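Below: one structure, written as structure tokens.
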Amino acid sequence: MNVNRRGFIKLTAAGLAASGMGALGFGHVGEALASSVRAFKLAAAKETRNTCTYCSVACGILIYSMGDRAKNAHSNIIHIEGDPDHPVNRGTLCPKGSALLDIVHAPTRLTAPRYRAAGAGEFKEVSWDFALDRIARLMKDDRDKNFIAKNKEGVTVNRWTSVGMLAASASSSETAFLTWKVARSLGMVVFDNQARV
Amino acid sequence: MTNTWQDIKNANVVIVMGGNAAEAHPCGFKWVIEAKIENGAKLVVVDPRFTRTASVADLYAPIRPGTDIAFLSGLIRYLLEKDKIQHDYVRAFTNAGLIAKEEFGFQDGLFTGYNEETHSYDKSSWDYELDDQGFAKVDDTWQHPRCVINLLRKHVDRYTPEMVSRITGTPQDKFLQVCELLATTSEPDKALTSLFALGWTQHSIGAQNIRTMAMVQLLLGNIGVAGGGMNALRGHSNIQGLTDIGLLSNQMPGYMTLPSDKEATFNDYMKTRQFTPLRPGQISYWQNYRKFFVSFQKSIYGKAASAENNWAYDWLPKLDLPMYDIIRAFEMMNKGEINGYICQGFNPLQAFPDRGKIRRGLRKLKFLVTMDPLDTETSRFWEDFGPQNPSDAAAIQTEVFQLPTNCFAEENGSLVNSARWLQWHWKAAEPPGQARSDIWIMAGIFRRLKELYQKEGGAFSDALMNLSWNYADPASPDPEELAKEMNGRTLADITDPTTGAATLKAGQLLDSFAQLKDDGTTVSGCWIFTGCFTEKGNQMARRETTDPRDQGIAPGWAWAWPANRRILYNRASADLAGKAWNPKKPIIEWNGERWVGIDVPDMPPTAAPSAGVGPFIMNAEGLGRLFARATMAEGPFPEHYEPLESPAENVLHPKVRSNPAARVFADDRESFGAASDFPYVATTYRLTEHFHYWTKHALINAILQPEEFVEIGEELAKEKGIAQADWVKVSSKRGDVVCKAYVTKRIKPLMVDGKPTHVIGCPIHWGFTGQARKGYGANTLTPSVGDANTQTPEFKAFLVNVAKSNGPEV
Ligand code: SF4
């Protein structure tokens, strides 16, 4: 039989009700009762395959969310557990992976761009346009001033050493590739990731 | 990892040294338990602390932090002396018989060619003697005094069990028990696997730690076989991927490297990269470098890269220094040479050594940009958080942008795990509030810069203007588009050489990097990933769990680079006739016509064993290297050097105490402490309940390990009058951490050269944002010096003092 995980939960929920009630001798009344048993929350949830964000064991996980992904319905992640099909973790998770829901919903998740002006005592919320316009301006001004097109020997070197970047280590490979393209096309050489720490 | 996580179950002996997998990689570590239960494997742990991994070990040996090379060199000496090596393997698959140059030598701690002023080597003597045809000379009888195996024998001769114990503090009997157990895997059908992580990399001699173990594995015949290999467990979920794609200061995607100032022309550049074979009939796969490079340049610059402009070679930045790594970046920042810094999902204020120096550097920036799902310490370095982050905000002129990004659950994309598997993941929900993807932010910055350059002109912008950007929504490229870009396409029909029929039409996605060309008719953003997203669809999303013979390969689950090969160097799993060394666990075998088996052969499929093609196809000689030639900064053989901060002299060569090729900045040297002031050896590590500095933002993890502490052995605690859960002040020359003491039986003093030496353990996970209690961060204490090859900071061995305290002054 080929059942997916959610189907399996539905099946066992129904099976439990049916056999339990049947065994107690409720007969037809049992069926009526069974149909009124509240479905497990997960049975109505949307299941999404993902991998743990923390370490490079990369355990498979199943994320359960409410909301059917219609344009106007906002999904809310309600549960995360190990993926039993995954050949490495086979459904298990460590104390970090088991608590992934808490990092998704951490109170210190950032929700708006914030800016702190020189010498200011606090952050203030700003628009994305303000933040990205200002960043691009600062980068360009510095690059125009400090870019090294040729070295002393006259060799074309096209490098920029006065602005640097640290790339992530839990971001996707697709993010990484785009980041590489942007950083290097600017001539950035002070460029690194977290491989060393 | 050369092998897979599940393959660990095939091992006969597992050594965990330079890591603590039970604690740091728990769900992968269960395969060690599987090996113990199902395969009768023995687990050996060598570690300064009696770790969670040690608690399930069959044999545990303590060791002083930073002395692994002495231990492993003693092991090599033992294997050679007792003749416990896999002879046929070593003779056929390693460079044991190759003859080194006559000028090569080693004396008083230094190899030939050392320059005292530059702290570096002229490595010209670290190579083979060549014959008239340019091939390395070889003596398969191992009689020649300068053949590698004899030079190695001589080199390790000083590492007697007495000497090993004197340096490492490991009791001799424990050391010999480890040697004896590991030596059993020199049998052709027995395998040892080595599992390691930051415990080996984070030393000033980190890369050589790993090399020494790789040499052990070559001598024992354990590379390429089931249950064997060198398995770097790695750290963050996609650190393998970011390394593969070349987000390191001197790297390009697929382990190509940026040019240096010395390589003024494209031809200069190719000369040092397209290695020609050093032995007859070898593959020397980097001969194809030009194909990978041209296809890459075509991928990122499209039509603007052509044969006429040398594929836009000049548009790549050239390096005037070996590396602009992070230690150098913060040195430059402190000197006012860096004005802006962008931290994408990276929290250097907690993650990099000498926190005081990091903070002083950040203060000098004109602007700082952070992109993160969480409120990181780095983004708030300018704010006063009390003793854990004292600051006078008004005096700091840095403009700071804190940009909110999505987390893993809110995006599609792939990550590369430590076994090189590219696994696709799917988005489950929208990010909170206005948080956006890193892709959207990078695209936003790029598009604005391009517009500014269009409008205003300015410094050289050809590379920026011509960067390929063929995305359906230029403001928000789709992860699938990017994955296909890395995979690559053909720009012209590819035809089958025998039938002449087109196998791929122009514009179609490539199946393999073997299809790449150097004439501009193929494009690929990362050649080692070619095959991950083909005309058959997204291979990274595959979920086929079938595992032939249940041997831990699962070839249909996701996709592994290179070419979906799960075990690297798997040609070495078979003997000279092509039959498996271990008939119970074959990987690939020669069937008379081709290599067949449960994995993709790491060998041309029709190269008969009699052709003598070596299994290490990336090396120009096709052989595993017991002698590293000029690839390492501090020597072609590993040598024991003390950590930059050490309580002991180097008893082998007192004049050359620590790594002679280490790069140490003058102000950092000033900040190294002496044992007279800081008498205890400290080491940093991770706890299973936490991941770096993120999980303190998650409530459950913050409850499980709520506050900063250090581990102190009972003996030292008694000497210092420190009781369980007392406040203590731990100090290095660079700063103090005030935290709780955890007095433990897990760390015992070691006898090093006749002196008792205490070790203090410093878990790293706290800071001043998140839900756990405020902490300083262990990097307050650590020295700013890195491995001479990789600049990985020396977090695992440094000096501190400890005293009872009244708690943080508020
Ligand atoms: S659940 Fe634990 S072991 Fe698995 S990937 Fe996450 S952090 Fe690593």
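Tell me, which residue of segment B:27-75 that is basic (Lys, Arg) and open to solvent by 30 Å² or more (accessible area, probe 1.4 Å) is nearest to the ligand (Cβ to nearest atom)? Filtering first and then ranking leaves B:Lys30. For segment A:102-119, the condition of being among the hydrophobic types (A, V, I, L, M, F, W, C) and more than 7 Å from chain B (Cβ to nearest Cβ) holds for none of the residues.
Against the numbered list (1) open to solvent by 10 Å² or more (accessible area, probe 1.4 Å); (2) within 14 Å of chain A (Cβ to nearest Cβ), B:Lys733 comes up short only at (2).
With the condition kept exactly as written, say whether any residue in segment A:116-129 is at pLDDT 95 or above, open to solvent by less than 50 Å² (accessible area, probe 1.4 Å) and within 28 Å of A:Ala195 (Cα to Cα). Checked against the condition, which is being at pLDDT 95 or above, open to solvent by less than 50 Å² (accessible area, probe 1.4 Å) and within 28 Å of A:Ala195 (Cα to Cα), segment A:116-129 yields no hits at all. Of all the listed residues (B:Thr499, B:Thr495, B:Thr503), the sole one being over 28 Å from A:Arg143 (Cβ atoms), in contact with an Asp or Glu (Cβ under 8 Å, 6 or more places away or on another chain), open to solvent by 20 Å² or more (accessible area, probe 1.4 Å) and of a type outside the set (Phe, Trp, Tyr) is B:Thr503.
Matching residues to (1) closer than 19 Å to B:Gly356 by Cα; (2) open to solvent by 50 Å² or more (accessible area, probe 1.4 Å); (3) at pLDDT below 95:
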position	(1), (2), (3)
B:Val737	yes, no, no
B:Lys755	no, yes, no
B:Phe768	yes, no, no
B:Gly786	yes, no, no
B:Asn789	no, no, no
B:Thr792	yes, no, no
B:Lys796	yes, no, no
B:Gly807	no, no, yes
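For segment A:78-95, filtered to residues that are outside any loop (DSSP other than H, G, I, E, B) and within 9 Å of another protein chain (Cβ to nearest Cβ), the residue that is farthest from the ligand (Cβ to nearest atom) is A:Ile80. Being within 9 Å of chain A (Cβ to nearest Cβ), touching a strand residue (DSSP E or B) at 6+ places or on another chain (Cβ under 6 Å) and at positive phi, is that true of even one residue in segment B:345-366? Scanning segment B:345-366 turns up at least one residue that is within 9 Å of chain A (Cβ to nearest Cβ), touching a strand residue (DSSP E or B) at 6+ places or on another chain (Cβ under 6 Å) and at positive phi. B:Val523 fulfils the conditions (1) within 20 Å of B:Lys291 (Cα to Cα); (2) away from chain A (no Cβ under 14 Å); (3) open to solvent by 10 Å² or more (accessible area, probe 1.4 Å) except for a single criterion, (2).
Would you call A:Ala118 within 13 Å of the ligand (Cβ to nearest atom), out of contact with any Cys (no Cβ under 7 Å at 6 or more places or on another chain) and farther than 23 Å from B:Trp440 by Cα? So A:Ala118 does not fit the description; no. Counting residues in segment B:627-638 that are open to solvent by less than 40 Å² (accessible area, probe 1.4 Å) and over 22 Å from the mean Cα position of the chain (by Cα) gives zero.
For B:Ile747, the criteria (1) buried (at least 20 other Cβ atoms within 10 Å of the Cβ); (2) part of a strand (DSSP E or B); (3) of a type outside the set (Phe, Trp, Tyr); (4) more than 14 Å from chain A (Cβ to nearest Cβ) hold in every case but one, which is (2). Restricting attention to segment B:400-429, the residues that are open to solvent by 20 Å² or more (accessible area, probe 1.4 Å) and either touching a Lys or Arg at 6+ places or on another chain (Cβ under 8 Å) or at pLDDT below 95 (or both) add up to 3. Annotation for segment B:658-668: at least one member residue is acidic (Asp, Glu) and surrounded by fewer than 18 Cβ atoms within 10 Å (Cβ to Cβ).
Counting only strands (runs of 3 or more DSSP E) wholly contained in segment B:375-441, the ones carrying 1 or more residues that are more than 7 Å from chain A (Cβ to nearest Cβ) and touching a residue at least 24 places away in the same chain (Cβ under 8 Å) occupy B:421-425.
Against the definition (away from every other protein chain (no Cβ under 14 Å) and acidic (Asp, Glu)), how does B:Glu331 come out, yes or no? No, not satisfied. When each of B:Gly228, B:Gly281, B:Gly246 is tested for being open to solvent by less than 10 Å² (accessible area, probe 1.4 Å), under 30 Å from B:Pro583 (Cα atoms) and assigned to a loop (DSSP other than H, G, I, E, B), the lone residue that passes is B:Gly228. Condition test on A:Lys140, is it closer than 25 Å to B:Arg363 by Cα, open to solvent by less than 10 Å² (accessible area, probe 1.4 Å) and of a type in the set (D, E, K, R)? Criteria met by A:Lys140. Restricting segment B:483-492 to residues that are open to solvent by less than 10 Å² (accessible area, probe 1.4 Å) and touching a residue at least 60 places away in the same chain (Cβ under 8 Å), the residue that is nearest to B:Ala558 (Cα to Cα) is B:Ala483.
Within segment B:526-570, the residues that satisfy the criterion of being under 30 Å from B:Ile85 (Cα atoms), outside any loop (DSSP other than H, G, I, E, B) and either open to solvent by 10 Å² or more (accessible area, probe 1.4 Å) or among the acidic types (Asp, Glu) (or both) are B:Arg549, B:Asp550.
Here B:Ile300 fulfils each of the conditions (1) of a type outside the set (Phe, Trp, Tyr); (2) open to solvent by 20 Å² or more (accessible area, probe 1.4 Å); (3) touching a residue at least 40 places away in the same chain (Cβ under 8 Å) apart from (2). Pairing residues of segment A:58-78 that are outside the structural domain of A:Ser98 (by TED's automatic domain parsing) and more than 30 Å from B:Thr4 (Cβ to Cβ) with residues that are within 16 Å of the ligand (Cβ to nearest atom) and of a type in the set (Lys, Arg), at Cβ distances under 6 Å and at least 6 apart in sequence or on separate chains, gives no pairs at all. In segment B:686-725, the residue that is farthest from the other protein chains (Cβ to nearest Cβ) out of those that are buried (at least 22 other Cβ atoms within 10 Å of the Cβ) and touching an Asp or Glu at 6+ places or on another chain (Cβ under 8 Å) is B:Tyr693.
Tell me, yes or no, whether segment B:683-693 has at least one residue that is within 16 Å of the ligand (Cβ to nearest atom) and not in a loop (DSSP other than H, G, I, E, B). Yes, segment B:683-693 contains a residue that is within 16 Å of the ligand (Cβ to nearest atom) and not in a loop (DSSP other than H, G, I, E, B). Looking across segment A:51-77, the residues that are part of a strand (DSSP E or B), away from the ligand (no atom under 11 Å from the Cβ) and within 14 Å of the chain's Cα centre (by Cα) come down to A:Leu62, A:Ile63, A:Tyr64, A:Ser65, A:Asn76, A:Ile77.
Here B:Ile99 does not qualify as among the hydrophobic types (A, V, I, L, M, F, W, C) and within 24 Å of B:Met163 (Cβ to Cβ).
Take the residues of segment A:96-114 that are part of a loop (DSSP other than H, G, I, E, B) and of a type in the set (Gly, Ala, Ser): which is nearest to the ligand (Cβ to nearest atom)? It comes out as A:Ala106.
The values are calculated or read from the model by the stated rules, or taken from the named source; none is laboratory data. Model, not experiment: these values are computed from the prediction. Here the Cβ is made from the backbone with ideal geometry for all residues, glycine too, and neighbour counts use every protein chain on show. Keep in mind that these areas ignore ligands, DNA and RNA; they rest on the heavy atoms of the full protein, side chains included. Shrake-Rupley method; radii C 1.70, N 1.55, O 1.52, S 1.80 Å.
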